[in-house]
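The values are calculated or read from the model by the stated rules, or taken from the named source; none is laboratory data. On a predicted model such as this, the values are computed, not experimentally measured, just so you know. Here Cβ is always computed from backbone atoms with ideal geometry, including for glycine, and neighbour counts include all displayed protein chains. Just the protein is used for accessible areas: all its heavy atoms, side chains included, with ligands, DNA and RNA removed. Shrake-Rupley method; radii C 1.70, N 1.55, O 1.52, S 1.80 Å.
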Amino acid sequence: ILMTLSVLVSVTGFLKMGTEQEAQYASLVEQGKAACENGDYESGISLYDQAINLYSTKLPAYYEKLLAYVEQGEYLACVQYGRLIFTNPGLTEAMEADPVGAADLYYMIANAWFEQENYAKAVGYYEEAVLRNSENPDYYRDYAISLARMQQVDEAQQVLSTARNCGMDNDSVTLVEAELLLAEGDWQQASERFENVFLTTQNDTTRYQAYLLCARAYR
């Protein structure tokens, strides 16, 4: 009886310790996000590192750290850290168990390559994101735009068609269509469609992206 009670107490303590660690991990990630939202990226990244040290096989802190690099415009740092993530054998099982979380990591690295205008690299990572999570229309939108930048118009059209079936919103569809027009040299129609998006969309992120794409059309 004493042995049984001892085992039960040990198991209960172990489970409680695990629950406390889970809560601490979530708290560190939330604190990091709050710091980054206030512009204190250095503190935010430090908090994400603490969370990673606590649970090295959980993906959210890795994603938030990559996002912090992208938001600061540190695209090279994002790519370099992404390489460490994808070559870490300890994360292989975690990414297989959480394909949606893994897809977000690939998407973030793709965005970093896109911002550096390395569209070939971006396409590879967008494709990997789509393979791991085929239900996120944002992946398809940026994947199609990258293909258009590489003048692979037919492939971009196919990705756009798939994206429509996945429920891509009208603003995103218009962005891709405008980028395809730009790839074909019709900058005037392209700029008009970009303008239409940033004048009518209710999504701040989409509006920001439309402004940038429209500026490129004018250039």
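List of remarks:
- Any hit, segment 186-204, residues being closer than 16 Å to Phe114 by Cβ and not in a loop (DSSP other than H, G, I, E, B): no
- The set of residues from segment 194-204 being open to solvent by 30 Å² or more (accessible area, probe 1.4 Å) and either within 16 Å of Arg219 (Cβ to Cβ) or in contact with a strand residue (DSSP E or B) (Cβ under 6 Å, 6 or more places away or on another chain) (or both) comprises just one member, Glu195.
- In segment 46-74, the residues that are over 21 Å from Gln21 (Cβ atoms) and in contact with a Gly (Cβ under 8 Å, 6 or more places away or on another chain): Leu66, Ala68
- Listing of helices (runs of 4 or more DSSP H) fully contained in segment 82-168 that carry 1 or more residues being open to solvent by 20 Å² or more (accessible area, probe 1.4 Å) and under 27 Å from Arg216 (Cβ atoms): 99-115, 119-132, 137-149, 153-165
- Any chance Lys65 is modelled with pLDDT of 95 or more and either surrounded by 14 or more Cβ atoms within 10 Å (Cβ to Cβ) or not in a helix (DSSP H, G or I) (or both): yes
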